[in-house]
Amino acid sequence: MAKEYTKPLPHPAPESEPFWAAARAHKLKIQKCTSCGNHWFPPSEHCPECLSADHDWIEASGRGRVFSFVTYQRLYNKGWEGEVPYVVALIELEEGPRLLSNLTGIAPEDVVCDMAVKVVFDDVTDEVTLPKFTPA
Ligand code: ZN
């Protein structure tokens, strides 16, 4: 557990609270429409495919691929002091949705698109756990 976490933290909205609660339990959950079967992220009240409000929160496999990424070479926020360069990646989950996250356990220069990754959980504070990804 980090003693002093200086980076910005998420502020869960009612529709995203189940995602953050699952992350605290080290589970990656996404919404699945009970009308059409679509999986989606980021959280929202209605299915972006069929607009149904009926959905379940399902545990994703945690496996995915790097769809795209950028390597930050410059310090934009003091919270990342000493961590530049770092990678922000768009991860395409096995279930279909894409989410932005960080890659860990790999040097930025070794990251390539389409590489297989799996989720890991970073307990950054007592209340917040961030899903991140590492090479599978
Ligand atoms: Zn739907």
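The values are calculated or read from the model by the stated rules, or taken from the named source; none is laboratory data. Remember, predicted model here, so these are calculated numbers, not experimental data. Every residue, glycine among them, receives a Cβ derived from its backbone with ideal geometry; neighbour counts consider all protein chains shown.
Scanning segment 17-35 for residues being under 19 Å from F133 (Cβ atoms) and part of a loop (DSSP other than H, G, I, E, B) gives a total of 4.
With respect to (1) within 22 Å of E127 (Cα to Cα); (2) in contact with an Asp or Glu (Cβ under 9 Å, 6 or more places away or on another chain); (3) away from the ligand (no atom under 16 Å from the Cβ); (4) of a type outside the set (G, A, S), the lone exception for E4 is condition (2).
Here L28 passes the criteria (1) hydrophobic (A, V, I, L, M, F, W, C); (2) within 16 Å of the ligand (Cβ to nearest atom); (3) in contact with a helix residue (DSSP H, G or I) (Cβ under 8 Å, 6 or more places away or on another chain) except the one numbered (2). Just the residues that are surrounded by 15 or more Cβ atoms within 10 Å (Cβ to Cβ), in a loop (DSSP other than H, G, I, E, B) and away from the ligand (no atom under 16 Å from the Cβ), please, taken from segment 44-86. Scanning segment 44-86 gives A60, G62.
The condition (being at pLDDT 95 or above, in contact with a Lys or Arg (Cβ under 8 Å, 6 or more places away or on another chain) and of a type in the set (K, R)) is satisfied by just one residue among K118, K32, K27: K118.
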